[in-house]
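Below you'll find the structure, written out as structure tokens, and then a few comments.
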Amino acid sequence: MDISVIIPLYNEEESLPELHAWIQRVMNENGFSYEVIFVNDGSTDRSWQVIEKLAEESDRVKGIKFRRNYGKSPALFCGFEKAQGDVVITMDADLQDSPDEIPELYRMITRDGYDLVSGYKKKRYDPLSKTLPTKLFNATARAVSGIKNLHDFNCGLKAYRRDVVKNIEVYGEMHRYIPYLAKNAGFGKIGEKVVQHQARKYGTTKFGLNRFVNGYLDLISLWFLSKFGVKPMHIFGFLGSLMFVFGFIAVVYIGLHKLYAMYSGQPYILVTDSPYFYLALTTMILGTQLFLAGFLGEMIARNAPERNNYQIEKEL
């Protein structure tokens with residue numbers, strides 16, 4: 001099979017028939033063998049009934065229905081597991097992503113050799129309250145991930161080699177960082193394509209400022225796990241040792257300063273009367289705790305079942 005199209009959705013009953021007809025037309029014009037996987041993320045409208053009807057009319061339509069709303073990442077994870085196409089395309093169900101982009105995305109994967117191609121909605125029809133946070137978010141994501149050529153990490157329209165989606169785990173709200181997940185899994189050829197952004201035709205946007213805040217928290221988590229997830233001692237142990245040594249040197253200095261003052265006849269105070277003594281002592285205690293946190297993290301990492309889960313591309 002050439003292409004699997006995965007469409008996560010939540011309350012998009014009006015747009016589904018039009019979207020399916022559009023995809024069907026593009027696939028038939030280009031002679032692709034394909035499947036369309038709708039993932040109904042706990043919709044409260046008639047979205048599932050529409051999917052059932054589409055599946056009755058075409059054996060290329062498949063559906064997954066969640067009992068409640070879990071979010072986009074779980075929907076993509078289940079869609080990736082079910083996908084059978086050589087190239088996997090993801091797009092949103094609100095008609096803001098154009099299926100006319102599919103042939104070029106397919107070509108970039110199969111002929112240009114990209115592992116992942118992300119859409120870039122250069123000209124957007126969203127309000128400033130959405131576009132400005134998006135620009136800030138993408139600038140931060142580029143800096144942290146090191147993927148400098150992507151301008152729109154969160155674009156729903158993406159294309160993947162099947163190996164990519166079968167070797168990454170999308171969880172929580174990590175769908176924003178699938179290119180970063182792919183890079184960490186060893187798929188380094190990541191490209192971008194300028195795509196057309198359609199104005200929303202039905203329904204209302206699901207975007208909220210809480211997603212913007214959560215996006216930054218997820219990015220920090222992903223960066224930390226990618227750097228120190230299997231070697232926590234390298235960060236906690238280093239910082240803990242540094243703080244302990246700094247605090248210990250400070251305590252020794254305070255003690256020697258008092259002894260020098262005593263034997264030279266200068267006025268002096270008790271060590272315990274100096275605020276610097278308590279700052280140094282606190283630094284030593286925090287350093288010890290950080291070191292122990294790194295040690296415990298190292299013990300947990302050594303016993304994790306996925307500690308030797310390496311990405312092996314080929315064997316002879």
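The values are calculated or read from the model by the stated rules, or taken from the named source; none is laboratory data. Owing to the predicted nature of the structure, the values given are computational and were not obtained by experimental measurement. Reconstructed Cβ throughout: ideal geometry from the backbone, glycine too, with neighbour counts over all protein chains shown. Accessible surface is based on the protein model in full, side chains and every heavy atom, while ligands, DNA and RNA are left aside. Shrake-Rupley method; radii C 1.70, N 1.55, O 1.52, S 1.80 Å.
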Alpha-carbon Rg with Dmax, taken over the chain, Å: 26.7, 99
Of 270, 10, 244, farthest towards positive along the dipole that unit charges on Lys, Arg, Asp, Glu beta carbons give the chain: 270
The chain, accessible surface, carbon-and-sulfur percent (1.4 angstrom probe): 57
Label point distance in nm, residue 68-residue 111, each placed 7 Å from Cα along Cα→Cβ: 4.8
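So, R0 is 22 Å and r is the distance between the beta-carbons of residue 123 and residue 100; what FRET efficiency does that work out to, to 0.05?
My answer for the efficiency is 0.90.
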Pairwise FRET efficiency - residue 52 versus residue 221, Cβ, R0 = 30 Å, nearest 0.05: 0.20
Length-normalised contact order for the chain - Cα pairs under 8 Å, 6+ apart - percent: 17
Cα lying deepest toward the dipole's positive end in segment 1-105, options 89, 42, 24, charges on Cβ: 42
Assigned charges on the beta-carbon of Lys, Arg, Asp, Glu; the chain dipole about Cα centre (debye): 860
